[in-house]
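Visitor: Just dropping this structure here.
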Amino acid sequence: ATLFMTLLAGFQALLARWTGERDVVVGTPVAGRSRIEIEPLIGFFVNALVLRTDLGGDPVFPELVDRVREVTLGAYAHQDLPFEKLVQELNPERSLARTPLFQVAFSLRTATAETLALPGLSLRGLGAGATTAKFDLTLGVEESEGGLSAIVEYSSDLFDGATAQRLLERLEILLAGAVEAPERRLSELPLLSTVEREQVVRE
């Protein structure tokens, strides 16, 4: 399994624990450049994949990673099917309040060390500033030489900054628990830090 699959398994396990749902659907972007002829072209070819995982049966974490791997490979095999066509074919009940098929997204990208150098010019990056959330909740993870960093984008109608921060903390604790004891069932993986657990027990 890849890092993407492992992190997605952790994220879906956390969502399942928080929501009580066992059928967890997460969307992810793909570059849409699966053919060599498209690679050098300028343009936006990104497509969305729907990754639906069954977390039923309270599996151990390696079993969940296997399930996520199968789902992900199956989705990649059909990544050329436009998301709009999928929505049209499935014809889900539409609502202006949410996106069709999935409301939670996950992405993993690798940080590039390349810097653009142009003779006679100095360059600096500009932040995007305030953004509008495209989904109810998006977890973006970036892999670099220094490790992993994550950011949560969320609909402020549904969540606040403290909730987003807790999500990241709980994900880190859950993944650490899965690494420490992979034989644990999903329901047994920790979500609270040692301090929080002591506080809950005492208070």
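Visitor: Rounded to whole Å and ordered largest first, report the semi-axes of the equivalent ellipsoid of the chain derived from its Cα gyration tensor (root of 5λ).
Guide: On the way: eigenvalues 184, 108, 70 Å².
In descending order, the three semi-axes are 30, 23, 19 Å.
Visitor: Please list, by residue number, every one of the trypsin sites (Lys or Arg not before Pro) in the stretch 143-203 that is coil in DSSP and has at most 15 other beta-carbon atoms within 10 Å.
Guide: On the way: sites: ARG166, ARG170, ARG184, ARG185, ARG197, ARG202; in loops: ARG184.
Passing both the DSSP loop test and the Cβ count: ARG184.
Visitor: Quickly estimate the mean residue ellipticity at 222 nm for the chain, helices only: each DSSP H run with n ≥ 4 gives -39500 (n - 2.57), and the total goes over all residues, rounded to 500. Please list the in-between numbers first.
Guide: Numbers: 5 runs with 71 residues, N = 203.
-11500 deg cm²/dmol, from helical runs alone.
Visitor: So what is the accessible area of the chain per residue, in Å², with the probe set to 1.4 Å?
Guide: Normalised by residue count, the accessible surface of the chain is 66 Å².
Visitor: Counting other C-beta atoms within 10 Å, and keeping those with at most 13, which DSSP coil trypsin sites (Lys or Arg not before Pro) do you find in the stretch 13-121? Spell out each step's value before the answer.
Guide: Working: sites: ARG17, ARG22, ARG33, ARG35, ARG52, ARG67, ARG69, LYS85, ARG94, ARG98, ARG109; in loops: ARG22, ARG33, ARG35, ARG94, ARG98.
Filter output for the stretch 13-121: ARG22, ARG35, ARG94, ARG98.
Visitor: Given the options VAL195, ALA111, LEU3, identify the residue whose Cα lies farthest towards the positive end of the charge dipole of the chain (+1 on Cβ of Lys, Arg; -1 on Cβ of Asp, Glu).
Guide: ALA111
Visitor: Convert 37 °C to kelvin, take the viscosity as 0.692 mPa s, use the Kirkwood radius over C-alpha pairs of the stretch 1-102 as Rh, and evaluate the Stokes-Einstein diffusion coefficient in µm²/s, rounded to a whole number.
Guide: Working: Rh = 15.0 Å.
Reported coefficient: 218 µm²/s.
Visitor: Only loop residues by DSSP count here, and only those with at most 15 other Cβ atoms within 10 Å; note down the GluC sites (Glu not before Pro) in the stretch 120-156 that meet that.
Guide: Those satisfying the criteria are GLU145.
Visitor: Radius of gyration and Dmax for the stretch 99-203's Cα atoms, expressed in Å?
Guide: 18.5, 64
Visitor: In nm, to one decimal, how far is the LEU90 label point from the THR132 one, both placed 7 Å along Cα→Cβ?
Guide: Using points 7 Å along Cα→Cβ, the separation is 2.3 nm.
The values are calculated or read from the model by the stated rules, or taken from the named source; none is laboratory data. The shown structure was predicted, so the numbers you read here are calculated from the model rather than taken from an experiment. A quick note on method: Cβ atoms are made from the backbone with ideal geometry, for glycine too, and the neighbour counts reach across all protein chains shown. To get the accessible areas, we keep the full protein, side chains included, count just its heavy atoms, and leave off ligands, DNA and RNA. Shrake-Rupley method; radii C 1.70, N 1.55, O 1.52, S 1.80 Å.
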